[in-house]
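See structure below.
The values are calculated or read from the model by the stated rules, or taken from the named source; none is laboratory data. Just so it is clear, the model here is predicted, and its values are computed rather than measured. Cβ atoms come from the backbone with ideal geometry, glycine included; neighbour counts cover every protein chain shown.
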Amino acid sequence: MSRYRSIASALEPYRPDVDGPWTLAEAAHAARRIGFGATAERVKTIRAKGPLAAAEFEVSGAKKRDESTTLEAWSFAERAAQRNDIETLRAAWVNRLSLAEFPLAERMCLFWHDHFATSNTKVQSAADMHRQNRIFFDMGLGKFGPMLHAVAKDPAMLRWLDSDTNKKGIPNENFARELFELFSLGIGKYTEADILEAARAFTGWRADRHVFKIDATARDDGKKSVFGKTISHGEEVVDLCLEKKECARFIAGKLWREFVADDLSPDLAEALGAEFENVGMDIGAFLERLFASRAFFSADARFGLYRSPAALVVGAVRSLDARGNFTALGAAMAEMGQELFCPPSVKGWDDGRAWITTATFSARRRFAAEVARGDEGRFKLRTSAKTDGIASHLQMILADLEDNGAKKGESSPFATAARILETNEAQLF
Amino acid sequence: MTTNRRDFLRLSAAVGLSLGTDPTRLFSDAIPRRDSKKRALVLLELNGGQDGLNTVIPVESATYYDRRKKIAIRKESAIKFADDVYVAPELAALEPAWKNGRMAILENVGYPKPDRSHFRSMDIWQSAETEDTTRRTGWLGRFARNERERKNDGDRPLFFIGAGPTPVSLTGGPGSPVVLPHLSALGSFSPSESSPPRRKTVEKRKADLEFLEAQSRAMQKIAGATKAIAARKPAAPYPPTELGERFSLIAGLIACGFSDGIFQVKLDGFDTHAGQKDTLPVLQTTYAKAVAAFLADLEASGLLGNVLVVAFSEFGRRVAENGSAGTDHGAAGPMFLFGEKIVPGRLNGACRMEPLLDGDLAPNVDFRNVYVAVLEQWFGETSARKIVLAPSDSSIRLVK
């Protein structure tokens, strides 16, 4: 890869004024990628801290899982879970994404929801979806291993990939296959025989009233051979995945694609995997390194990713420092192709250009039109952000446009935001 | 069935995947000239891996009944389309299509070294590329591009009638496909009148900005036709399902100016790992009724001769059921074709149950040869083999 002097230098800290400028534009880029968007004040804070301290600030803040600004949303979620009300659960999550003081915690929660993509269309339980969501929120910035173990035993996952009917005799391969292909190693890093044997190791894994247990009568007690090693328990299969070099590489590469750039050379993938292993597969530590890196601030990274519907909606709300009807905002995301808690398949949502079709782009424009209506519109958006200066902030943080200020007749920040949101440029971030 | 067809069946059962000389070539005469601008293609994607064995039932196979103690469909419960063709009872709605010679079945369709990943295998089917290339384009997108370069008389319109990303099959064409989950999805689209704002990084993101702009142009393509389509009354009733509505929309598009369109439509849910007796029949009923209504609507509208429907899935399922009364990922599976101009019936005989490939049905027809046949015989495409890169020159006669 020629654009960084070497693969190693891609991950080295970005030095303001040596590697490139450090202005509000770079700080806005960091705010966009880390938290989908931010207020002008937060962008100024990031700029004042500099890249290293800003990365530390955002990651450590998120790791504290501060819920002070989202207490109400969390209690809505708990009640929705009890009432099996998935729509309110979704609204509560959009609320959390929009209002969390440190948005990275929620952004990672969404990242893992997409990675371990589980849909309520089959699970049919808001309580189980919420419990799984809580795993992603609580463990999503910690070490990858414990989270993978937790997800394997998570009741929503047990239901989703049929572990809950997997029994000795002729085991069900569904979970074993996706554990390898999508959750830990990537396609082709295992054989069909590994899948069959691993499936045997997961026999008898059940959820009993939302709690994991092993049904001894359904369990295959025999020895199994996975990746050439002899094991007997499902937990050992998960550990074997975690030990493989491919796992660190696969997860690190996915984080790179989510936060830095869409393309990834084999050399860089290797280097990222090694770095992720170096930090003990600690997601937060790895991200902190990424967020302060030369690659992260390179010209190739800037506005080089497509905004997901969540990034578009949450980015707009956060940048406007707005409050609104989160149920309607969640529904708008669904119309744009991202219905939270209902990913289209176990592979999650296709990203990049796949987000954009004639139908979803039309929905994005309808979203912008509703944003323009502010409090009068479907989203009932309100903000205390001052009109003064907001236009240039929104130009900078929502799209790569020249700052040409508020247009005539744009009396509200919402009208300005809408004008930017419907441009081709604002679909990139 | 003619003697020749019988020979075809017998021979094709013996040829396997990669014969250099193929006996079926006897039946593929010179490609007839067609007015391909009045020919539409509908690709029905059965997503998740359709269980072909519980769809067209191998009632004479002891292996089938032996390995599927819980979920096999007994001969007496199946519907008899012909002496040697039994199908799941949920396919009842397709019986008229079969009896009228408007349905064809191809068994054991697949490709060498079958991949059992949903996502990889679906990519392989839709791109017609079995190599692992990162930038795949679709077989129909490439066909449309080739056709434009060759004929230079406008783009063939590509549609995905559904929600979600553009399917791989339709990518790589000229312009952008129209994605339409329902008729009102594009709203009252009108191109932006204000001058575009100045950009800072035009050069760097040029390709992306062009891609985004192409979406607007694609939306404009159908803006003029939406009123006529909304006003159209189908000539036969559709089932009240999402798939039924989508087939109705396709008929509307064909009737209102897109008679040369390529349409993809998809039904999800075929990944029946557990309790498939509860799930698969619902899906079968859904597509059987939707396709039957579509054929009836087109026939009554005088359009049936212009339309070919091809149904496919990313793989079939394992012959043996699993302990969850479901089936895991398999290899080969059946394809179905519908239309007035197709060669009807069972094109390559009963499903070959032996020899199995790791417990799965072995492919003996390469799907890429089916694609070549569709492009050559339906659209009169002369360089189909370059577009699809079929593995051998064996031909299958699909269109009369």
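Listed values, structure above:
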quantity: Qualifying position, being modelled with pLDDT of 95 or more, farther than 28 Å from A:Lys347 by Cα and surrounded by fewer than 16 Cβ atoms within 10 Å (Cβ to Cβ), among A:Glu41, A:Glu87, A:Glu78; calculated: A:Glu41
quantity: Per-region count, the range B:332-382, residues assigned to a loop (DSSP other than H, G, I, E, B) and hydrophobic (A, V, I, L, M, F, W, C); calculated: 9
quantity: Every residue from the range B:298-318 that is crowded, with 24+ Cβ neighbours inside 10 Å and either more than 16 Å from the chain's Cα centre (by Cα) or of a type outside the set (A, V, I, L, M, F, W, C) (or both); calculated: B:Leu298, B:Ser313, B:Glu314, B:Gly316, B:Arg317, B:Arg318
quantity: Residue within the range A:283-297 that is more than 9 Å from chain B (Cβ to nearest Cβ), of a type in the set (S, T, N, Q), under 30 Å from A:Leu52 (Cβ atoms) and in contact with a Gly (Cβ under 8 Å, 6 or more places away or on another chain) present; calculated: no
quantity: Counted residues, the range B:349-370 - those being within 16 Å of B:Val87 (Cα to Cα) and among the polar types (S, T, N, Q); calculated: 0
quantity: Qualifying residue in the range A:376-384 (condition: surrounded by 20 or more Cβ atoms within 10 Å (Cβ to Cβ), part of a helix (DSSP H, G or I) and either touching a Pro at 6+ places or on another chain (Cβ under 9 Å) or away from chain B (no Cβ under 14 Å) (or both)); calculated: no
quantity: Evaluation of A:Ala359 against (1) in contact with a strand residue (DSSP E or B) (Cβ under 7 Å, 6 or more places away or on another chain); (2) within 23 Å of B:Gly48 (Cα to Cα) (one fails), failing number; calculated: (2)
quantity: Criterion violated by A:Gly280 - all others in (1) touching a residue at least 40 places away in the same chain (Cβ under 8 Å); (2) crowded, with 19+ Cβ neighbours inside 10 Å satisfied; calculated: (2)
quantity: Residue count, the range A:289-302 (criterion: touching a Ser or Thr at 6+ places or on another chain (Cβ under 8 Å) and buried (at least 22 other Cβ atoms within 10 Å of the Cβ)); calculated: 1
quantity: Total residues in the range A:342-369, condition facing chain B (nearest Cβ under 7 Å) and part of a helix (DSSP H, G or I); calculated: 7
quantity: Strands (runs of 3 or more DSSP E) within the range A:184-228 that include 1 or more residues in contact with a Pro (Cβ under 8 Å, 6 or more places away or on another chain) and closer than 24 Å to A:His130 by Cβ; calculated: A:205-208, A:211-214
quantity: Output for the range B:82-99, where each listed residue is part of a strand (DSSP E or B) and either within 20 Å of the chain's Cα centre (by Cα) or farther than 11 Å from B:Ile57 by Cα (or both); calculated: B:Ala82, B:Val87
quantity: Residue check, A:Asp388 away from chain B (no Cβ under 14 Å), more than 28 Å from A:Ser125 (Cβ to Cβ) and assigned to a helix (DSSP H, G or I); calculated: no
quantity: Residue identified as among the basic types (Lys, Arg), modelled with pLDDT of 95 or more and under 21 Å from the mean Cα position of the chain (by Cα) among B:Arg68, B:Arg74, B:Arg102; calculated: B:Arg102
quantity: Answer residue from the range A:398-414, given it is away from chain B (no Cβ under 13 Å) and either under 26 Å from the mean Cα position of the chain (by Cα) or at pLDDT 90 or above (or both) and is farthest from A:Gly374 (Cα to Cα) among those; calculated: A:Pro413
quantity: Every pair of residues 6+ apart whose Cβ atoms lie under 9 Å, when the first sits in the range A:1-28 and is modelled with pLDDT under 95 while the second is assigned to a strand (DSSP E or B) and not small (Gly, Ala, Ser); calculated: A:Asp19/A:Pro13
quantity: Exclusive hit being touching a residue at least 60 places away in the same chain (Cβ under 8 Å) and surrounded by 23 or more Cβ atoms within 10 Å (Cβ to Cβ), set A:Phe180, A:Phe175; calculated: A:Phe180
quantity: Top-ranked residue in the range B:118-173 [being among the polar types (S, T, N, Q) and without any contact (Cβ under 8 Å) to a residue 24 or more places away in the chain; ranked as farthest from B:Glu45 (Cα to Cα)]; calculated: B:Asn152
quantity: Residue list for the range B:383-396, filter: surrounded by fewer than 19 Cβ atoms within 10 Å (Cβ to Cβ), of a type outside the set (Ser, Thr, Tyr) and assigned to a loop (DSSP other than H, G, I, E, B); calculated: B:Leu389, B:Pro391, B:Asp393
quantity: Which listed residue is within 14 Å of chain A (Cβ to nearest Cβ), within 18 Å of the chain's Cα centre (by Cα) and not aliphatic (A, V, I, L, M), from B:Gln264, B:Gln276, B:Gln284; calculated: B:Gln264
quantity: The range B:164-175, subset of a type in the set (Gly, Ala, Ser) and more than 7 Å from chain A (Cβ to nearest Cβ), residue nearest to A:Phe361 (Cα to Cα); calculated: B:Gly175
quantity: Tabulated pairs, the range A:42-57, first under 19 Å from A:Ala385 (Cα atoms), second among the β-branched types (Val, Ile, Thr) and surrounded by 17 or more Cβ atoms within 10 Å (Cβ to Cβ), C-beta under 8 angstrom, 6+ apart or interchain; calculated: A:Val43/A:Ile397
quantity: Members of the range A:300-353 that are more than 15 Å from the chain's Cα centre (by Cα) and among the polar types (S, T, N, Q); calculated: A:Ser319, A:Asn325, A:Thr327, A:Ser345
quantity: Among (1) surrounded by 14 or more Cβ atoms within 10 Å (Cβ to Cβ); (2) more than 23 Å from A:Gln395 (Cα to Cα); (3) not hydrophobic (A, V, I, L, M, F, W, C) - the single one A:Asp66 does not satisfy; calculated: (1)
quantity: Residue satisfying all of: in the range B:105-117; farther than 20 Å from B:Val42 by Cβ and more than 14 Å from chain A (Cβ to nearest Cβ); farthest from the chain's Cα centre (by Cα) among these; calculated: B:Pro112
quantity: Residue list for the range B:118-132, restricted to those being more than 10 Å from chain A (Cβ to nearest Cβ) and at pLDDT below 90; calculated: B:Glu129, B:Thr130, B:Glu131
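Here is a yes/no grid of residues against (1) over 17 Å from B:His273 (Cα atoms); (2) among the aromatic types (Phe, Trp, Tyr); (3) within 14 Å of chain A (Cβ to nearest Cβ):
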site	(1), (2), (3)
B:Pro334	yes, no, no
B:Phe338	yes, yes, no
B:Ala350	yes, no, no
B:Asp358	yes, no, yes
B:Val365	yes, no, no
B:Ala373	yes, no, no
B:Lys386	yes, no, no
B:Pro391	yes, no, no
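Listed here are the residues, each with its yes/no results for (1) modelled with pLDDT under 95; (2) in contact with a Gly (Cβ under 6 Å, 6 or more places away or on another chain); (3) closer than 22 Å to B:Pro167 by Cβ.
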{"position": "B:Gly224", "(1), (2), (3)": "yes, no, no"}
{"position": "B:Ala235", "(1), (2), (3)": "no, no, no"}
{"position": "B:Pro239", "(1), (2), (3)": "no, no, no"}
{"position": "B:Glu245", "(1), (2), (3)": "no, no, yes"}
{"position": "B:Ser248", "(1), (2), (3)": "no, no, yes"}
{"position": "B:Gly261", "(1), (2), (3)": "no, no, yes"}
{"position": "B:Thr279", "(1), (2), (3)": "no, no, no"}
